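Presented below is the structure to which this report refers.
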């Protein structure tokens, strides 16, 4: 059994390819470093094979079947192990997928930001998906992977998730602070933010030989308790603004009435009194809106009570005696 296993391993080492159960990995590192000369290496259509040694990329093989020979593949001659008489060369081999990987999730808390209208600090969250594609495998290995063993995609994509969340945080916060973007309804701007973020991450990810071609299903939301508070405060602010506008309109109407009634034959005092009365009435409504719903009934006019007038007393007058002719003296 020992001889059979040894022969099996030798045959296995003479044919190198990515195992079927690693097809979904962006990057797969072949576990052996000592590679027998004339080994058959198979590179699938959607990947490239990168040879890496002593911190440098020694060469890249394109899709196809390759016989590992220093004569046909010149860069391999630099990797031959002289101690083995030229039968082996020493190198790490990475299989890097070049197809697009989609539906990768990202998200989390963006930040606590201040609403421009209410000045209320609220927490904003963001969740979405993105796609990633490796264009230059050698850059990915040199600048991000190194000699690490990558066992799953998360070890590689976590960096891109953090980058996307960071750029979204900066983009959304900048829009709210500098452009006075309203937080209520900010979800409607998701597509606008997506375009800005894709443009901003392009240069940063390209240095790792990667592109993020698309973002999808991006959802921006508020904490539930913050959203309820913000909605209530927004309604209160709108009500206050409407009352102030109504008050200003009444005052303007009073001024117009005063102007129109000061013409020829006009009654300026009457117009002013009317306008002041309307303004005072609106102010009263502003102070206590509930009272405006109760219509006051006009008071019943007082009934006229009959009055009896006492006749004036007349002073008695003395009657003067009538003048009679004097009798002659006898």
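The values are calculated or read from the model by the stated rules, or taken from the named source; none is laboratory data. The shown structure was predicted, so the numbers you read here are calculated from the model rather than taken from an experiment. With ideal geometry, Cβ positions are generated from the backbone for all residues, glycine too; neighbour counts draw on all protein chains shown.
Computed values, structure above
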{"quantity": "Residues being assigned to a helix (DSSP H, G or I) and surrounded by fewer than 17 Cβ atoms within 10 Å (Cβ to Cβ) - total across the stretch 145-158", "calculated": "3"}
{"quantity": "Among the candidates 163, 104, residue that is under 22 Å from the mean Cα position of the chain (by Cα), part of a strand (DSSP E or B) and modelled with pLDDT of 90 or more", "calculated": "104"}
{"quantity": "Filter result for residue 84 (more than 53 Å from the chain's Cα centre (by Cα), over 30 Å from residue 102 (Cβ atoms) and modelled with pLDDT of 95 or more)", "calculated": "no"}
{"quantity": "Single unsatisfied condition, residue 170 versus (1) surrounded by fewer than 18 Cβ atoms within 10 Å (Cβ to Cβ); (2) outside any helix (DSSP H, G or I); (3) within 14 Å of the chain's Cα centre (by Cα)", "calculated": "(2)"}
{"quantity": "Qualifying residue in the stretch 73-92 (condition: in contact (Cβ under 8 Å) with a residue 60 or more places away in the chain and surrounded by 15 or more Cβ atoms within 10 Å (Cβ to Cβ))", "calculated": "yes"}
{"quantity": "Every residue from the stretch 129-139 that is in contact with a strand residue (DSSP E or B) (Cβ under 7 Å, 6 or more places away or on another chain) and outside any helix (DSSP H, G or I)", "calculated": "129, 130, 131, 132, 133, 134, 135"}
{"quantity": "Residue match in the stretch 218-225 (condition: modelled with pLDDT under 95 and either at positive phi or in contact with a helix residue (DSSP H, G or I) (Cβ under 6 Å, 6 or more places away or on another chain) (or both))", "calculated": "yes"}
{"quantity": "Matching entry among 194, 199 (being crowded, with 17+ Cβ neighbours inside 10 Å and part of a helix (DSSP H, G or I))", "calculated": "194"}
{"quantity": "Verdict on residue 204 being part of a helix (DSSP H, G or I) and free of Cβ contacts under 8 Å to residues at least 12 places away in the same chain", "calculated": "no"}
{"quantity": "Residue 50 assigned by TED's automatic domain parsing to the domain that holds residue 182, in a strand (DSSP E or B), buried (at least 17 other Cβ atoms within 10 Å of the Cβ) and at pLDDT 95 or above", "calculated": "no"}
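Results for (1) closer than 25 Å to residue 45 by Cβ; (2) touching a strand residue (DSSP E or B) at 6+ places or on another chain (Cβ under 7 Å); (3) assigned by TED's automatic domain parsing to the domain that holds residue 76, shown as yes or no for each residue.
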position: 105; (1), (2), (3): no, yes, no
position: 112; (1), (2), (3): no, yes, no
position: 127; (1), (2), (3): no, yes, no
position: 141; (1), (2), (3): yes, yes, no
position: 144; (1), (2), (3): yes, no, no
position: 163; (1), (2), (3): no, no, no
position: 173; (1), (2), (3): no, yes, no
position: 184; (1), (2), (3): no, no, no
